[in-house]
1. Could you pull out every one of the helices (runs of 4 or more DSSP H) wholly within region 82-190 that has 2 or more residues that are among the acidic types (Asp, Glu) and exposed (fewer than 13 other Cβ atoms within 10 Å of the Cβ)?
2. Kindly provide the set of residues from region 140-164 that are of a type outside the set (Asp, Glu) and within 17 Å of residue 48 (Cβ to Cβ), ordered by number.
3. Which of the residues that make up region 67-81 are surrounded by 13 or more Cβ atoms within 10 Å (Cβ to Cβ) and in a loop (DSSP other than H, G, I, E, B)?
4. Which pairs do you get when a residue that is more than 17 Å from residue 57 (Cα to Cα), found in region 86-99, comes within reach of a residue that is outside any loop (DSSP other than H, G, I, E, B), reach meaning Cβ atoms under 7 angstrom, with the pair 6+ apart or on two chains?
5. So for region 30-48 (the condition being within 26 Å of residue 128 (Cβ to Cβ), surrounded by 17 or more Cβ atoms within 10 Å (Cβ to Cβ) and modelled with pLDDT of 90 or more), does at least one residue qualify?
6. For a quick check of your reading of the model, give me the residue pairs whose first member lies in region 122-145 and is touching a residue at least 12 places away in the same chain (Cβ under 8 Å), whose second is among the aromatic types (Phe, Trp, Tyr), with beta-carbon atoms closer than 6 Å and at least 6 apart or on different chains.
7. If you check every pair at least six apart or on different chains, which have Cβ atoms under 9 Å apart with a residue in region 52-71 that is without any contact (Cβ under 8 Å) to a residue 12 or more places away in the chain first and a residue that is surrounded by fewer than 22 Cβ atoms within 10 Å (Cβ to Cβ) and in a loop (DSSP other than H, G, I, E, B) second?
8. Residue check: is residue 86 more than 13 Å from the chain's Cα centre (by Cα) and either more than 24 Å from residue 154 (Cβ to Cβ) or of a type in the set (S, T, N, Q) (or both)?
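The values are calculated or read from the model by the stated rules, or taken from the named source; none is laboratory data. Since the structure is predicted, the reported quantities are computational estimates derived from the model, not experimental observations. Cβ placement follows ideal geometry from the backbone for every residue including glycine, while neighbour counts extend to all protein chains displayed.
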Amino acid sequence: MDLFKDEEDYTFFLSRLREYIFPEERRRAPSAQSLRYVRKEFSPGAFTLVCYCLMPNHYHFVLRQNGEESISTLMLNFGSGYSKYFNRKYDRVGSVFQDQFKAVRIDSNEYLLWLSAYVHQNPTVGKLVKSPEQYRFSSYIDYIGKRGGTLCDKQVILDQFKDPHKYVSFVADSLEAIKARKDLESLLID
């Protein structure tokens, strides 16, 4: 099932994510006082979003947990909030997400870099666009300087390259390996 049916859904999803990643901004917002319910707030700086990609029927985040507050709690609260929005908007009931989110511990810098390329190449591999810079619902265009997004801490990745063009090359060079891995995954039995 598609999680995002129109641009408003993508926008709401990202704005709600911003509220969880940067709770201090929400506290200052005039609309915060008008909420009908109080949602769980996390400590400022509890999480860092490194990169993301929102696909029509799923999404990818590379998140860093900076303290004791768990990513599981963040995802539970965040997912519940989006489900309420989605169900209300589309006059439906029930679960929006098929399964519990999948988390993978990033245990090396090499894996972190590969995951950032994987996340940013997702729309290309999914044949939504011919190149990642054509896809608006990804942090890639922030990484390459074509949009001034502030949701992600891009420096975690970009500081490892002499300039942003080197990252562009790294992501481009990763495409064939990502496609080959996807092809192999389809042959595996869960």
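1. Per the criteria, 164-185.
2. Correct list: 143, 149, 150, 151, 152, 154, 155, 156, 157, 158, 160.
3. Across region 67-81, the qualifying residues are 69, 70.
4. 93/87
5. no
6. 123/135; 132/140; 137/10; 139/52
7. 68/43; 68/46
8. Against the criterion (more than 13 Å from the chain's Cα centre (by Cα) and either more than 24 Å from residue 154 (Cβ to Cβ) or of a type in the set (S, T, N, Q) (or both)), residue 86 qualifies.
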